[in-house]
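Step one of this worksheet: look at the structure below.
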Amino acid sequence: MDELLEDLLKKIKNGTYPPGSQLPSGRDLADVYDVSQSTISRAVATLREQGVLVGRPGRGVFVAESSRP
């Protein structure tokens, strides 16, 4: 999961996922990274705890506006 976290953070830093943007669905991320959806859920939860991502009920997961990973 460390590689997954590092790659997501890299994509946030390089602007692939800029502040305020929505991340792809958990299913899509699982397909891209060839991991289970539970692994994606754990990674997203970790980044939410760090304040890098925010969840918006009924809308999805977004990069925090003030995200500075």
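The values are calculated or read from the model by the stated rules, or taken from the named source; none is laboratory data. Treat the numbers as computed from the prediction; the structure is a model and nothing was measured. So basically every Cβ, Gly included, is an ideal-geometry build from the backbone, and we count neighbours across all protein chains shown.
Filter segment 7-38 for residues that are in contact with a Phe, Trp or Tyr (Cβ under 8 Å, 6 or more places away or on another chain) and in a helix (DSSP H, G or I) and give the result. Can you show your working first?
First, the residues of segment 7-38 that are in contact with a Phe, Trp or Tyr (Cβ under 8 Å, 6 or more places away or on another chain): 7-8, 11, 20-23.
Selection gives ASP7, LEU8, LYS11.
Out of (1) surrounded by fewer than 16 Cβ atoms within 10 Å (Cβ to Cβ); (2) in contact with a helix residue (DSSP H, G or I) (Cβ under 7 Å, 6 or more places away or on another chain); (3) at pLDDT 95 or above, the odd one out for ALA30 is which?
Single failed check for ALA30: (1).
State which residue is modelled with the lowest pLDDT when the search covers only segment 55-68 and only residues that are surrounded by fewer than 16 Cβ atoms within 10 Å (Cβ to Cβ) and at negative phi.
Initial filter on segment 55-68 (surrounded by fewer than 16 Cβ atoms within 10 Å (Cβ to Cβ)): 55-60, 65-66, 68.
Retained after the next criterion (residues that are at negative phi): 55-57, 59, 65-66, 68.
Values: GLY55: 93, ARG56: 91, PRO57: 90, ARG59: 94, GLU65: 90, SER66: 74, ARG68: 49.
Among them, the one singled out is ARG68.
If you check every pair at least six apart or on different chains, which have Cβ atoms under 9 Å apart with a residue in segment 39-65 that is farther than 20 Å from LYS13 by Cβ first and a residue that is in a helix (DSSP H, G or I) and small (Gly, Ala, Ser) second?
The qualifying pairs are THR39/ALA30; SER41/GLY26.
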